[in-house]
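Presented below is the structure to which this report refers.
The values are calculated or read from the model by the stated rules, or taken from the named source; none is laboratory data. Nothing here was measured: the structure is a model prediction, and the numbers come from that model. Virtual Cβ from ideal backbone geometry, glycine too; neighbours counted across all protein chains shown. In case anyone asks, the SASA skips ligands and DNA or RNA and just uses the protein heavy atoms, side chains included. Shrake-Rupley method; radii C 1.70, N 1.55, O 1.52, S 1.80 Å.
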Amino acid sequence: MLPKQQRKIPISAEVVDLDSSDDEGAAVAEFSENVNKSSNNVNIRSKPPNAQPSDPIDDNANYRSFESRSFWKAGAYEIGPSKSTSFQGDLEHARVHPKFLHSNATSHKWAFGAIAELLDNAVDEMQSGATFVKVDRIYNAKDNSPALLFQDDGGGMNPEGIRKCMSLGYSSKTSNTTIGQYGNGFKTSTMRLGADVIVFSRAMKSGRATQSVGLLSYTFLRRTWQDDVIVPMVDFDISDHWAEPIIYSSKDDWSSNLNIMLQWSPFASKDEIMLQFENIGSHGTKIIIYNLWLNDEGIYELNFDDDDEDIRLRDEANRGNPSKTLKRVLELQSHISYRIRFSLRAYASVLYLRKFTNFQIILRGKPVQQLYIADDLKYSKAITYRPTVGLSSKEVVVETTIGFIKEAPALRVCGFNVYHKNRLIRPFWKVTGDGSNKGHGVVGVLEANFIEPAHDKQDFERSSLFSKLEMRLKQMVMEYWKGHCHLIGHQPDGMSKSNLQKQYIVQPRDGSIMQKQSVTDSHMHPVQPLIDLADDLHHQLPGQQTRSTRTSVSGKLPNITWPVAGSAREASLDGLNSRSIDQISEENIQLINR
């Protein structure tokens, strides 16, 4: 707990405005002016809004009144009365309540989608020379709870850059090759994974070497009853090989920012904070997400314990007993289409379409081996799609690789893996209707840069181009199936050849070995009638031309009438024992074949 004289927000603490701009130059020019007047009238409140000045402070009671460790419940806490914050000589600016951090993060329905956003930021740094991004589990030194680490060796962020990173809607990514574009991914992803995040970054820009620390703490904002988003930051100039604090207003304000970090971050001293830069090198960024969210059962969403080389999702992993699970189900769960649901290593292996040449994703100390799904397809075929885009009727060329998975037809996995700017958006997107066997085992891979992804990059915006793509992909599946399904034992109508075989079983009355004979009939479902010769002949009258045999399909199929061999038709019950049952069976089988 801060001493009383320090329990106020410093002038230099950042209030994140709800602005949106891609003009880095304008933001940098205004930074020095705005930073000094960002929160003159905003103070930390340690009492509920309706408390009297004389009431004692009960931090534990306040904490219980709104604190939830489950992400989907973390936005449900009491909001105090907002204060009007208009600055003299300025227009009133749009303010952002801390609850917006939570509601903004709900765009990520899936924790791996949030992790992918942070991986995208590191991959975009390849243009600044990044060669790796590390993802690992570390521990919060204050309470020994797990925390999530992301670290890359990219260009890093200078003081202006880290403030843009912490602001809403700012993006300095103007290249057509970068994945990020909305300036919102860092906030949504970090807040989706945990309540708090601290960022360390080193950069060399314009001949000046700097290192900066920024804290975005939902816990701090909630527990101090803030009604605006306050982000404490401190910066250092390291051009002369030692860390010289960069002061924007006063040294007291700089120290107050640092003290807030020490109280609400995993680090209890300035020396501990400075140690975090030692393994960053001359440039790069380290992100530590802590106070990770729990699921509804009160355990961490992210599972670090089941696999020392992976991070898993508890709610998506298979909880069944493998010894009691069908073999086919186990085979399906081992396929990449299923494993990406709960294994971060599997998901990261297919997250990017093109394999990196000088970059690695290192997950818990082991590099992720990238998988190009099209490499594992059999009977693959390249199909060109030329959609017309925009008012100018510009035609683009999209190459789609389509084929059967190597496990076909045993596994009924199908769908298209659709990428946008090298990033996987929709994995194994099934475009054919449910209930049809057509298309099972058919998988495709394509990069659709002509349609825009949604903000969470887990789907595409619904547009006419998207609808046309869906129709074209369905057509691809049907055409490919019609021309290639026979290669894996199917007929064009979707019927498996093995399902066209009807097994007729001859079972003698004396319990001797049964005999089977397969009959192919493309117009009937497979049935297995049991022909009990002794029983049927016992009920047959002399001179009958046919006899009826009941099936073993619970009486749902009608009786089937079979012709009987002439010798059997002329035999009497007394002569039955004098003839071999095998001879009678053989004669019936020959007639069935005929």
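Some points to look at:
- Over segment 276-410, accessible surface divided per residue gives 54 Å², non-protein components excluded, 1.4 Å probe.
- Counting only Cβ charges, +1 for Lys and Arg and -1 for Asp and Glu, the dipole size of segment 193-317 around its Cα centre is about 740 debye.
- Rg ratio (alpha-carbon, reference 2.2 N^0.38 Å) - segment 417-466: 1.23
- When restricted to Cα atoms, segment 192-269 yields an Rg and a Dmax of 13.8, 41 Å, respectively.
- Per-pair calculated FRET efficiency, R0 = 41 Å: SER282 and ARG386 via Cβ, rounded to 0.05: 0.30
- Additional length obtainable on full extension of the chain from SER269 to SER249, 0.36 nm per residue less Cα span: 4.9 nm
- Here segment 141-299 is treated as a sphere whose radius is the Kirkwood value from Cα pairs; by Stokes-Einstein at 37 °C and 0.692 mPa s it diffuses with a coefficient of 199 µm²/s.
- A cut-off of 5 Å between modelled amide H atoms, ignoring neighbours fewer than 5 places along the same chain, links TRP429 with PHE416, ASN417, VAL418.
- Fully extending the segment from TRP429 to ILE592, taken as 0.36 nm per residue of separation minus the present Cα-Cα distance, adds 54.1 nm.
- Taking the Cα atoms of segment 371-433, the ratio Rg/Rh between the radius of gyration and the Kirkwood radius comes to 1.03.
- Residues listed by number, segment 352-396, amide nitrogen under 15 Å from ASP308 label point at 7 Å toward C-beta: 364-367
- Over 27 Å between alpha carbons, listed pairs LYS355/LYS381; LYS142/LYS187; LYS421/LYS474; LYS99/LYS286; LYS142/LYS205: LYS142/LYS205
- Over segment 246-382 - Rg/Rh using Cα atoms and the Kirkwood inverse-distance radius: 1.12
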